[in-house]
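Okay, so here's the structure we're looking at.
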Amino acid sequence: MEKKEKYEQMLPQLKALTEGVNNNTGALANAAALIHETMGFFWTGFYLVKDNILHLGPFQGPVACYTIPYGKGVCGTSWKEGKTLVVKDVEEFPGHIACSSLSRSEIVVPIFKASKIIGVLDIDSKEIATFDNTDKDYLEKAMKILSDNLI
Ligand code: SME
């Protein structure tokens, strides 16, 4: 199945899975699991804003760093710039934070709630240039669905 088709199937599932759950940790954990399993990524998870720092949230994959400062790494830069970052080769991103030496490319999507960034979705791949505009478009849609269902 093509990437686009997988995302098309995933979005309604994400909506059904997170609608009305009243449990942010649970919704984030299930969202990470759904995206990870559907797309077969290496690492899929959330970093959440608290006290002006990003803290590790629910994720799927190998163990990861606990905190990321504002403006640091791909996650902190996405938060600072308020936009999705697609990194084709992590070695070419100045200040990239390597939680795993196996990670070669990455996408980070900010999660907006009431016009404020409450966290980011971070996805890592073991291959170079895994992510493109298709991932960006669908994952931004996914984060909108998720955010609408967070309390
Ligand atoms: N690479 C990220 C850090 C988080 S791990 O990839 C899970 C970054 O540079 O922000």
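Bear in mind these aren't lab numbers, they're just calculated from the coordinates by the rules spelled out. Everything numeric here is computed off the predicted structure, so don't read it as measured data. For neighbour counting, all protein chains shown are included, and Cβ atoms are generated from backbone atoms with ideal geometry for every residue, glycine included.
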Seminar exercise, completed: All-but-one check, K4 against (1) touching a residue at least 40 places away in the same chain (Cβ under 8 Å); (2) surrounded by 14 or more Cβ atoms within 10 Å (Cβ to Cβ), failing number (2)
Exercise. So which pairs qualify, if the first residue must be in segment 117-146 and touching a residue at least 24 places away in the same chain (Cβ under 8 Å) and more than 16 Å from L85 (Cβ to Cβ), the second must be among the basic types (K, R) and assigned to a helix (DSSP H, G or I), the Cβ gap must be under 6 Å, and the two must be at least 6 apart or on different chains?
Worked result: I145/K15
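Which one is farthest from T134 (Cα to Cα) among residues in segment 51-65 that are more than 10 Å from the ligand (Cβ to nearest atom) and surrounded by fewer than 12 Cβ atoms within 10 Å (Cβ to Cβ)?
Initially, segment 51-65 is screened for residues more than 10 Å from the ligand (Cβ to nearest atom), giving 51-53, 55, 57-58, 60.
Among the residues that remain, those that are also surrounded by fewer than 12 Cβ atoms within 10 Å (Cβ to Cβ) are: 51-52.
Values: D51: 33, N52: 30 Å.
Step by step, filter segment 51-65, then rank; the result is D51.
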